[in-house]
1. Taking GLY117 and the conditions (1) assigned to a loop (DSSP other than H, G, I, E, B); (2) touching a Pro at 6+ places or on another chain (Cβ under 9 Å); (3) open to solvent by less than 80 Å² (accessible area, probe 1.4 Å); (4) under 30 Å from VAL224 (Cβ atoms), which numbered condition does it fall short on, given that it satisfies the others?
2. Please find, within the range 440-468, the residue that is farthest from PRO512 (Cα to Cα) out of those that are part of a strand (DSSP E or B) and open to solvent by less than 40 Å² (accessible area, probe 1.4 Å).
3. Please name all residue pairs, on different chains or six or more residues apart, with Cβ atoms under 8 Å, provided the first residue is in the range 1-28 and is charged (D, E, K, R) and the second residue is surrounded by 10 or more Cβ atoms within 10 Å (Cβ to Cβ) and at pLDDT below 90.
4. Filter the range 212-269 down to the residues that are of a type in the set (D, E, K, R), open to solvent by 10 Å² or more (accessible area, probe 1.4 Å) and in a helix (DSSP H, G or I) and list them by number.
5. When you go through (1) under 30 Å from LYS76 (Cα atoms); (2) without any contact (Cβ under 8 Å) to a residue 24 or more places away in the chain one by one for CYS206, which number turns out not to apply?
6. What are the pairs, 6+ residues apart or on separate chains, where a residue within the range 487-514 that is in contact (Cβ under 8 Å) with a residue 12 or more places away in the chain and over 30 Å from HIS541 (Cα atoms) has its Cβ under 7 Å from a residue that is assigned to a helix (DSSP H, G or I) and of a type outside the set (A, V, I, L, M)?
7. Which condition breaks for THR471 when tested against (1) in a strand (DSSP E or B); (2) among the hydroxyl-bearing types (Ser, Thr, Tyr); (3) closer than 21 Å to ASP552 by Cβ?
8. Every residue in the range 289-320 that is assigned to a loop (DSSP other than H, G, I, E, B) and touching a residue at least 24 places away in the same chain (Cβ under 8 Å), please.
Amino acid sequence: MAEEAKSLNFIEHIVEEDLRNGYAKDALRFRFPPEPNGYLHIGHASSICLNFGLGLRYNAPVNLRFDDTNPAKEEKEYVDAIKTDVSWLGYEWDTECYASDYFQQLYDWAIALIKQGKAYVDSQTSEEIADQKGTPTEPGTESPYRSRSVEENIKLFEGMKNGEFKEGAHVLRAKINMASPNMLMRDPVMYRILHKAHHRTNTDWCIYPMYDWTHGESDYIEQVSHSLCTLEFLPHRELYDWFLDQLVSEEKLRPKQREFARRNLSHTVVSKRKLLQLVESKVVEGWDDPRMPTISGLRRRGYTPESIKNFADTIGIAKRENVVDVSLLEFHVREHLNKIAPRVMAVLNPLKLVITNYEEGKEEWLEAENNPEDESAGNRQVPFSRELYIEQEDFREEANRKFFRLKLGGEVRLKNGYIIKAESCTKDSDGNVVEVQCTYDPKSKSGSGTEESLRKVKGTLHWVSIPHAITAEVRLYDRLFNDPTPDGHKDKDFMDFINPDSLEKVTGYLEPSLKDVKVGDQFQFQRMGYFNVDKNSTSSHLIFNRTVTLRDTWAKLEQKS
């Protein structure tokens, strides 16, 4: 039991303590409450895993609630994308809820607060209200409209609701304490006027509730037991509780807000505003561009739900914010794809290789293992011929002892094939090698059991038979930013750190087993990295995205610098 308790994160400890202190286990309910004003990113993934993970741990329902109180920024497109992302991660929500479902109830409660003298309509400008808030060390000053009568407040508030006033003419404020040390308690705004169509309620409402008023009350309506927020909402907890104090009844469960630290990821930004800026300025193709830290971008790039959940589990839940190196996320996708992705051969920077003692027109099919990590993956047949492609960087005319690839006079093994020896090469007018002439040992075929096949050579190269090769567009994605904290510089804009080499498009030559791939299929291109089939790929124009390289090349670069 002690071992089990030790493995709990601090949020789970809170839940366990509540259960010991009288919470009924069947009263537990959690929620994931995104605002549909953008696509979810890797930071949201941690919150999704936390809330739905608690649901699984305690066999408790988890609501998916859309905090849709700002029609100026929210769209149905974002709602649909969020639902897709949560489902793709493998989670099922109990009830699909919307803050807009509660607009009438929230309005009725606001009227009740007005009647109790706990809310009033303020007719000052937003600038005037901000000026009167005071400072953390100085109290604010009361609004000249704070003493309006109940009747006048109700009349004005109803007029706001019915669209009788322009945006900015009035707001509804809670009447709390203008001298509170917590500035959020200094008569916070509960409602503002917005003459904009809502994605669900259209133009039924001309006023929209603020987040602080909506948050706890939505939790209360849904009977959420534990409302988990990121750390920036810690100062809001006092207001969350004040609003609940005004309306909770003893026979219903009272939600409690608790906070955990946001985990930032290096070499990226996760602010929705900044992500939107990347999209609108066309630095990226869209919200699901494979360089984006959005869940849809990671999915398109080839990340798996398992790799993201394993990453979230590794970084855990903390009380302090910190920056997690993106290489940890890359490690988890490598680890998972290594287990499940079939190995195939593809050449991305081709150099022609001719086996001069191999019969012209001859072809044979070699046995190749699909995945040595997965016994059930089986084998496939790979065509071999006289003319092959290898990678340009796998050949040098002259090289030192540490170069274990092909050089003149040297031998290597062709993966699943034969041992070859480089005899000569042909160059173009600029001195670039365009063809290598080799000989092969016919008795050295891999797996044949001959003495020659067991001979050890230091290098093994991947290759593709030229007559059988299929072509594809291969997109070599890299990190979008070349700085670990692109939005952490006071004197520079985050856009200054865009990596100009974050995308390179090349023509790849692939073994023919990839001819009938489907969108989303994942592979390891041997010695090159992990790749998946892009959503825009077609049978006549295959497109592969590089998910991640085989090794963390950035770590080496950063060590050198």
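1. For GLY117, the exception is condition (2).
2. Within the range 440-468, the first condition is being part of a strand (DSSP E or B), and the residues that meet it are 440, 460-461, 464-465.
With the extra rule that they be open to solvent by less than 40 Å² (accessible area, probe 1.4 Å), the set shrinks to 440, 461, 464-465.
On the way: TYR440: 23, LEU461: 18, VAL464: 9, SER465: 9 Å.
The selected residue is TYR440.
3. Correct list of pairs: GLU16/ALA5; GLU16/LEU8.
4. Residues of the range 212-269 of a type in the set (D, E, K, R): 212, 217, 219, 222, 232, 237-238, 241, 245, 250-252, 254, 256, 258-259, 262-263.
Now narrow it down to the ones that are open to solvent by 10 Å² or more (accessible area, probe 1.4 Å): 212, 222, 232, 237-238, 241, 245, 250-252, 254, 256, 258-259, 262-263.
Of everything in the range 212-269, those that are of a type in the set (D, E, K, R), open to solvent by 10 Å² or more (accessible area, probe 1.4 Å) and in a helix (DSSP H, G or I) turn out to be ASP212, GLU222, GLU232, ARG237, GLU238, ASP241, ASP245.
5. Condition not satisfied by CYS206: (2).
6. ASP487/LYS274; ASP487/PHE494; PHE494/LYS274
7. (3)
8. PRO290, ARG291, MET292, PRO293, GLY302, TYR303, THR304, GLY316, ILE317, ALA318, LYS319, ARG320
The values are calculated or read from the model by the stated rules, or taken from the named source; none is laboratory data. All values derive from a computational prediction rather than experimental measurement. No Cβ is skipped: glycine too gets one built from the backbone with ideal geometry, and neighbour counts run over all protein chains shown. Protein only, heavy atoms only, side chains kept; ligands, DNA and RNA dropped before computing areas. Shrake-Rupley method; radii C 1.70, N 1.55, O 1.52, S 1.80 Å.
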